[in-house]
Amino acid sequence: MTYWTDAPIEGAFTIPMAICDFLPVLFFFLGGIVIMKDLYNVVSRRTYSLISSGIIMCFVGGAFKALWKFLFCFGINYPFLYTALFPMQGPGFCLFFAGLIFAFIETKKKAVPQTESTNLNVVAMSVTSSLPLLMFQTLGSIGSLIVLAIFAGRMKKTSAIICFITAIISLLGMGYMGATLDASLSWANWAEQGINAFGQLLFFIGAKILHESGYVKGEQNG
């Protein structure tokens, strides 16, 4: 992902690169669907609203950014698509994080019916100049991954713990690269996108492991 504060850099990426930018968004979307489906009849309406709203906001922000990058390759530039990333994902990840905390508390109190799940995303880290929103996005996404790792620890699923922790490392690595590499270099964009997609894939795999283990325990909660 390339970080721009004003205008995008001509020639910084190609059509294949722009298409690949949809991969982490897709992984996040799939993981989000798993979570919302599994938690629908398990947690309270308040908790479900936080989680589902956060997931949708994060997905829309990432999808807008990927769409902007794709259109820009054809000379079409809608700045609101890439500037929407942090305003959507900053609050979105915080809502997701808060919802997962409530879900952990609620499900911990319940007994043991099977087949539920939760998930998170390391999602698409991209741009804009808003430092507070960047901080919310980073803290919310890392916090969500930590809660998912705790879920995995409660279920004694070491493989899922490794997935979520590695996803956190990938997220931090992507942020470091975005802050230090020259955004005009094509290889730098490819490297960031590769790390982002790898982190999202780990998130999705970890979520599937928890889903198959029935890690969300409980009955419907009004």
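The values are calculated or read from the model by the stated rules, or taken from the named source; none is laboratory data. Please read all numbers here as calculations on a predicted model, not as lab measurements. Positions of Cβ are backbone-derived with ideal geometry, glycine not excepted, and every protein chain shown enters the neighbour counts. In case anyone asks, the SASA skips ligands and DNA or RNA and just uses the protein heavy atoms, side chains included. Shrake-Rupley method; radii C 1.70, N 1.55, O 1.52, S 1.80 Å.
Just checking, does the range 129-143 include any residue being farther than 21 Å from Ile101 by Cβ, open to solvent by 10 Å² or more (accessible area, probe 1.4 Å) and either outside any helix (DSSP H, G or I) or at pLDDT 85 or above (or both)?
yes
With (1) modelled with pLDDT under 80; (2) open to solvent by 60 Å² or more (accessible area, probe 1.4 Å) as the list, and Phe80 as the residue in question, which single condition is left unmet?
With respect to (1) modelled with pLDDT under 80; (2) open to solvent by 60 Å² or more (accessible area, probe 1.4 Å), Phe80 is out only on (1).
Can you find a residue in the range 197-215 that is at pLDDT below 85, polar (S, T, N, Q) and in contact with a Pro (Cβ under 8 Å, 6 or more places away or on another chain)?
no
Give the residues of the range 14-27 that are open to solvent by 20 Å² or more (accessible area, probe 1.4 Å) and part of a helix (DSSP H, G or I), sorted by residue number. Give the steps one after another, and end with the answer.
Our first condition is that a residue be open to solvent by 20 Å² or more (accessible area, probe 1.4 Å); within the range 14-27, this holds for 14-16, 19-20, 22-23, 26-27.
Answer for the range 14-27, where residues must be open to solvent by 20 Å² or more (accessible area, probe 1.4 Å) and part of a helix (DSSP H, G or I): Ile15, Pro16, Ile19, Cys20, Phe22, Leu23, Leu26, Phe27.
So, in the range 28-56, how many residues would count as being touching a helix residue (DSSP H, G or I) at 6+ places or on another chain (Cβ under 8 Å) and in a loop (DSSP other than H, G, I, E, B)?
Residues flagged as touching a helix residue (DSSP H, G or I) at 6+ places or on another chain (Cβ under 8 Å) and in a loop (DSSP other than H, G, I, E, B) within the range 28-56 amount to 4.
Restricted to the range 28-48, and to residues that are open to solvent by 50 Å² or more (accessible area, probe 1.4 Å) and within 12 Å of the chain's Cα centre (by Cα), which residue is farthest from Glu212 (Cα to Cα)?
Per the stated criteria, the residue is Phe29.
Looking at Phe86, Phe104, Phe59, can you tell me which residue is within 13 Å of the chain's Cα centre (by Cα), part of a helix (DSSP H, G or I) and at pLDDT below 85?
Phe86
Which ones in the range 64-73 are open to solvent by 10 Å² or more (accessible area, probe 1.4 Å) and either touching a residue at least 40 places away in the same chain (Cβ under 8 Å) or within 13 Å of Leu95 (Cα to Cα) (or both)?
Step one: list which residues in the range 64-73 are open to solvent by 10 Å² or more (accessible area, probe 1.4 Å), which gives 64, 67, 70-73.
Result: Phe70, Phe72, Cys73.
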